[in-house]
Number of protein chains: 2
Amino acid sequence: MKRKAQRRGEFDLIAKYFAPLARGESGALGLTDDAAHLLPAAGHDFIMTTDALVEGVHFLPGDPPAAIAQKALRVNISDLAAKGAKPRAYLLTAILPSSIDNDWLATFASGLKQDQKRFGLTLIGGDTVSTRGPLTLSITAIGEVACGRMVKRSGAQAGDDVWVSGSIGDAGLGLIQSTAQRHSLPPAHSRYLISRYQVPEPRLSLGMALVGLAHACIDVSDGLVADMGHICTASGVSMFINSADVPLSRAAAAAVASGKVSIETLLTSGDDYELVFTAPQSARSRLAVIAAKLRVKIARIGRAGDGEGVSVLDGEGKPRHFDRRGFTHF
Amino acid sequence: MKRKAQRRGEFDLIAKYFAPLARGESGALGLTDDAAHLLPAAGHDFIMTTDALVEGVHFLPGDPPAAIAQKALRVNISDLAAKGAKPRAYLLTAILPSSIDNDWLATFASGLKQDQKRFGLTLIGGDTVSTRGPLTLSITAIGEVACGRMVKRSGAQAGDDVWVSGSIGDAGLGLIQSTAQRHSLPPAHSRYLISRYQVPEPRLSLGMALVGLAHACIDVSDGLVADMGHICTASGVSMFINSADVPLSRAAAAAVASGKVSIETLLTSGDDYELVFTAPQSARSRLAVIAAKLRVKIARIGRAGDGEGVSVLDGEGKPRHFDRRGFTHF
């Protein structure tokens, strides 16, 4: 870990809070060197991704430090999941305003520790720097997948089913419920939606099981329709989805039924970190077995075809018109 | 490259400015996927490091964008150099305030492009996010070294010579010369020192040549004495340096001779990105051949011994006393 002595006691805080997170990967050298050394497991590629979170953009001031740590790690693990990769290691750059104290860091590190254990990866390097701006966390995550087997965005084929895991739109509603613009929803629903925003659930076991089965995959970070559009662009296909088939949580379904939230909002909200993937129709029974075995809900929401762009159909198969800006771009 | 549509036109700017930087590494997939896949060359380890720069801390507002790009990349390349690694790829997280416009980004990308060509590495991923804080750049760099041959901090042995490349203290003086606290130095000297601060020169060819020869190595980022201290701690040795043997540039030497700058300032300034390394005395002649072949100056400035800590000796071999805070910590 590169250590710049800009913060008083920074060497100590790395040793105290971060070095213990490097146990279990010998090439991390306990964060005592300039760099780590790492080899992929035999017959595997490294899969590498990076994602940053900024306070006030990706999380809210006052969010619990352990939840911030877990969101920072999980949005990266979600990218690995979408590629079918097993997490191995990560590097963390913590860009810290002066308001961050040792208690905050201790709780932040405990969140990392918990998720390292759960998702099977180890801190191998990082940097801590001071800023007069907002708290910002940048993570580079490294996973492994059998050589040449990474699930790409570009493999979708006309005729493929389009599937999505879990439920869609919860995180977007959770963000709204975290602000003064919140809707009047049942408190238990609100709490659930906020938890989905604060600490996403990367669909790691599902993603790893899709290697060799899914033709294309992406995680929902920009919004379901937008992210389906990314697959369409990369694969040179079109897609339609039946909006009635998009899986909603009980909380989101109730919000829609009450008229307070539109389906448009749910389909264009980001931060769900569910997986959207395409697979040949011949894979349906195998996918059902996998979903049951892993206890992950998956729903078939549409199909890929020739052409380009994403169409959203209503319950009667008619195209829905979306006003939300950005939609027409996909 | 993970793309969050928080900035209007961000997809376009990634395609326009960053995607061209991903050519040459097929696993980068043109930055069109969630992640890149990468394998080390046969018989090589990956060496991974991350370093972030914050405006107002590591570079100054108004520094040229190409120079900022190059500094961000080079401080990471310098870490690879210290480990003997050949650069291969990097991931870039650009945390951008709203003041950053397309012209700025174009020039920034041109700086990256120039250094990619010079140092032989390729952009394979990244993230761009908005901030209301200062411009911040976080890079994870990936290099390669023959399996098990990474030059560590921990290999120094009592009796080793201590060597340093180039000249020490220039970047620290360059920072002073960039501010209102500047000394009255000849303009040409000032310009030289500022350039050393703005765009460091990673000692890559030297670092790669030290594999199998140096016992320990680190790059000078915290300051010569502090970074020697890091080797001492990791290796369990002490070191002394003869301050009269520490190589100074003409500009720094003139500043010391004029009485405006103390040798203490030079030995405790950061950001030089020279290499400090230890090697057995038997390696002297081979090191001389390498330095001559690579046209890199190296100077033998001291020796490692038993015990702990760094001592700085004056021209008569007497310990110097440093007032500067932090020194006693090493």
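The values are calculated or read from the model by the stated rules, or taken from the named source; none is laboratory data. Note that the structure is predicted; figures quoted are calculated from it, not measured. Heads up, the Cβs are rebuilt from the backbone with ideal geometry, glycines too, and the neighbour counts pull from every protein chain shown.
Considering only region A:71-97, state which residues are of a type outside the set (Lys, Arg), under 13 Å from A:Phe108 (Cβ atoms) and within 11 Å of the chain's Cα centre (by Cα). Once the filter is applied, which keeps residues that are of a type outside the set (Lys, Arg), under 13 Å from A:Phe108 (Cβ atoms) and within 11 Å of the chain's Cα centre (by Cα), region A:71-97 yields A:Ala72, A:Leu73. Looking across region B:233-254, the residues that are part of a helix (DSSP H, G or I) and away from chain A (no Cβ under 12 Å) come down to B:Ser243, B:Ala244, B:Asp245, B:Arg250, B:Ala251, B:Ala252, B:Ala253, B:Ala254. Only one of the listed residues (A:Leu206, A:Leu213) is crowded, with 24+ Cβ neighbours inside 10 Å, touching a strand residue (DSSP E or B) at 6+ places or on another chain (Cβ under 8 Å) and more than 13 Å from chain B (Cβ to nearest Cβ). That residue is A:Leu206.
Note on region B:9-36: residues that are closer than 21 Å to A:Ala85 by Cβ and facing chain A (nearest Cβ under 10 Å) amount to 9. Across region A:149-163, the qualifying residues are those that are facing another protein chain (nearest Cβ under 8 Å) and under 25 Å from A:Ala42 (Cβ atoms), and the one among them that is surrounded by the fewest Cβ atoms within 10 Å (Cβ to Cβ) is A:Lys152. Any residue in region B:179-197 that is surrounded by fewer than 24 Cβ atoms within 10 Å (Cβ to Cβ), of a type outside the set (A, V, I, L, M) and either within 14 Å of chain A (Cβ to nearest Cβ) or closer than 24 Å to B:Asp79 by Cα (or both)? Checked region B:179-197: at least one residue is surrounded by fewer than 24 Cβ atoms within 10 Å (Cβ to Cβ), of a type outside the set (A, V, I, L, M) and either within 14 Å of chain A (Cβ to nearest Cβ) or closer than 24 Å to B:Asp79 by Cα (or both).
Here is a yes/no grid of residues against (1) of a type in the set (S, T, N, Q); (2) more than 7 Å from chain B (Cβ to nearest Cβ); (3) within 22 Å of A:Val199 (Cβ to Cβ):
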residue: A:Leu38; (1), (2), (3): no, no, no
residue: A:Phe46; (1), (2), (3): no, no, no
residue: A:Leu60; (1), (2), (3): no, yes, yes
residue: A:Pro64; (1), (2), (3): no, yes, yes
residue: A:Val75; (1), (2), (3): no, yes, yes
residue: A:Lys83; (1), (2), (3): no, no, yes
residue: A:Leu91; (1), (2), (3): no, no, yes
residue: A:Asp101; (1), (2), (3): no, yes, no
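For region B:259-289, the tally of residues that are in a helix (DSSP H, G or I) and surrounded by fewer than 17 Cβ atoms within 10 Å (Cβ to Cβ) stands at 7.
Among the residues of region B:74-123, those that are β-branched (Val, Ile, Thr) and surrounded by 22 or more Cβ atoms within 10 Å (Cβ to Cβ) comprise B:Val75, B:Ile77, B:Thr93, B:Ile95. Residue count for region B:220-249 satisfying the condition of being over 14 Å from B:Ser154 (Cα atoms) and either crowded, with 23+ Cβ neighbours inside 10 Å or within 21 Å of the chain's Cα centre (by Cα) (or both): 12.
If I filter region B:63-80 for residues that are modelled with pLDDT under 95 and among the hydroxyl-bearing types (Ser, Thr, Tyr), do I get at least one hit? No, region B:63-80 contains no residue that is modelled with pLDDT under 95 and among the hydroxyl-bearing types (Ser, Thr, Tyr).
Of the strands (runs of 3 or more DSSP E) lying entirely inside region A:115-206, those carrying at least 2 residues that are over 26 Å from A:Ala85 (Cα atoms) and of a type in the set (S, T, N, Q) are A:122-130.
A:Ile218 satisfies every condition listed in (1) within 14 Å of another protein chain (Cβ to nearest Cβ); (2) not in a strand (DSSP E or B) except (2). Return yes when A:Lys71 is closer than 29 Å to A:Ala156 by Cβ and away from chain B (no Cβ under 12 Å) and no when it is not. Here the answer is yes, as A:Lys71 does meet what is asked. Against the test of being within 23 Å of A:Gly143 (Cα to Cα) and touching a residue at least 12 places away in the same chain (Cβ under 8 Å), the options A:Asp245, A:Asp219, A:Asp170, A:Asp160 yield a single qualifying residue, A:Asp219.
The strands (runs of 3 or more DSSP E) falling completely within region B:1-113 that include 3 or more residues that are touching a Lys or Arg at 6+ places or on another chain (Cβ under 7 Å) and closer than 16 Å to B:Leu137 by Cα map to B:44-54. Going through B:Arg132, B:Arg118 one at a time, which residue ends up being without any contact (Cβ under 8 Å) to a residue 24 or more places away in the chain and either under 17 Å from B:Val199 (Cβ atoms) or within 10 Å of chain A (Cβ to nearest Cβ) (or both)? So the residue among B:Arg132, B:Arg118 that is without any contact (Cβ under 8 Å) to a residue 24 or more places away in the chain and either under 17 Å from B:Val199 (Cβ atoms) or within 10 Å of chain A (Cβ to nearest Cβ) (or both) is B:Arg118. Of the residues in region A:30-50, none is under 17 Å from the mean Cα position of the chain (by Cα), modelled with pLDDT of 95 or more and surrounded by fewer than 23 Cβ atoms within 10 Å (Cβ to Cβ).
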